[in-house]
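Notes to accompany the following structure.
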Amino acid sequence: MTMQFGDRFIYQGEPYVLGFFSHIFIDIRQFGLTPTWWSTACWRGYVATFTLDSENRLLLKNVLTNNGDGRSQILPINGIQPEIIKPAGLSAGHECFRHLEYNEIGLPIEYSGTVEIEPIIGENQWRSLDEFGVIGNVRRRVRRILSFFRKSVREEKRIRRLYLDHPPRDRDKAVVLAFSNGILQSSRMSVPKEIYQLKHTPDDLKTVKLCHAAVQQDGWALRLVPEELKISELCLAAVQRDGRALEHVPEKLKTLEICLAALRQSGLALQLVPDALKTVELYHAAVRSCGSALEYVPRKIKFAKPEICLTAIQGCGAALQFVPNKLRTAELCLAAVQNDGLALQFVPDEHKTPELCLAAAQNSADASRPPKEQTSCICLC
């Protein structure tokens, strides 16, 4: 799918890109407009810009759209009439098509919730595009668009900015804004400042204190810690926050305590535990945290300790697919479908009794459908 044009947000005088489509804020069709797509990068047919006023109210600032099939009535938004742009070189049957540019609309938006915005890097949006590997594609697209416009150099630059759908963004400086009835209540950095500092501090200037503060915010930040600063206490704090951080713990520091802490946070970290440390206790901890971790339990352990399979299924019915066929008893299958009706697809035919199928249907509307029509089941751990 082609990347879509990004809606803009002017925050503290700087341009940002919205982390989602603006129809969550507003749909311009409510104003009687019927835009059509003018590019595969803009199926909605419009791009919006939002801002805050002096009282921190959320406002619709600008809209770039079109008059649909060219015959629709051109209507104002909040009393603002658009600037009408007639593209040159229109094909037969499209002579009435117009671009509509609404500026300084100032329409208050009654929105409650949060939104993430990412700052655009640099005033010149073309700078650094090579880093994203999209400059060739964007330039070709803009050249095609500009071929319809016989405007001044100044106008061309303005159109370039309007139609640039994926400018370079600084993800580290993304901001989360919280609104209540259209009023900004709070703002915070999406990436905690401790992680931002750790990421942008040279390795020779990083300290254990700085690293510890970062991993307490996000255990995955352990990947940014120099090897010489990775101590047991730091690694333990990281895996307690995010079990996946076990991947970045040095082998010599992977103790039973650290591995157990990682598994209690994320059972899927079992695949990162050294074989020498894998015990029945660790297997139990992994499947209690995430039933799908049963996939990484050795077959011989499943036969020796079948209660591990039951523990996994009680937490995630879909884990039945990782149980050896010989261990899929009627009782185990019933426990699986009682947890997740979609586990019915992993039940052997000889155990598909009316009672079991009824239990599955009561726990999932999809379970009674043929396997090809069932939606996929994913255990999020």
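In region 307-364, what residues are under 29 Å from the mean Cα position of the chain (by Cα) and among the charged types (D, E, K, R)?
Answer for region 307-364, where residues must be under 29 Å from the mean Cα position of the chain (by Cα) and among the charged types (D, E, K, R): just ASP340.
Consider only pairs whose beta carbons are under 8 Å apart and that are at least six residues apart or on different chains; among these, list those whose first residue lies in region 243-266 and is closer than 18 Å to SER292 by Cα and whose second residue is surrounded by fewer than 15 Cβ atoms within 10 Å (Cβ to Cβ).
Final answer for the pair search is CYS259/PRO274; CYS259/LEU277; LEU260/GLU281.
Among what's in region 188-211 and is assigned to a loop (DSSP other than H, G, I, E, B) and among the polar types (S, T, N, Q), pick the residue that is surrounded by the fewest Cβ atoms within 10 Å (Cβ to Cβ).
Filtering region 188-211 for residues assigned to a loop (DSSP other than H, G, I, E, B) gives 190-192, 201-202, 206-207.
Next, from what is left, pick out any that are among the polar types (S, T, N, Q): 190, 201, 207.
Working: SER190: 15, THR201: 15, THR207: 11.
Once the filter is applied, the top-ranked residue is THR207.
Looking only at helices (runs of 4 or more DSSP H) that fall completely inside region 253-349, which ones have 1 or more residues that are crowded, with 22+ Cβ neighbours inside 10 Å?
The qualifying helices (runs of 4 or more DSSP H) are 256-265, 280-289, 307-315, 330-339.
Taking the stated definitions as given, is ALA174 crowded, with 17+ Cβ neighbours inside 10 Å, in the same structural domain as GLU118 (by TED's automatic domain parsing), hydrophobic (A, V, I, L, M, F, W, C) and within 19 Å of GLU118 (Cβ to Cβ)?
When the stated conditions are applied, ALA174 passes them.
Just to check your reading of the model, which residue among LEU59, LEU129 is at pLDDT 85 or above and in the same structural domain as PHE25 (by TED's automatic domain parsing)?
LEU59
Name the single residue, out of those in region 212-229 being surrounded by fewer than 19 Cβ atoms within 10 Å (Cβ to Cβ) and without any contact (Cβ under 8 Å) to a residue 24 or more places away in the chain, that is farthest from GLY315 (Cα to Cα).
GLU228
The values are calculated or read from the model by the stated rules, or taken from the named source; none is laboratory data. Please read these numbers as outputs of a predicted model, since none were measured by experiment. Don't worry about glycine lacking a Cβ; one is built from the backbone with ideal geometry, like all the others, and counts go over all protein chains shown.
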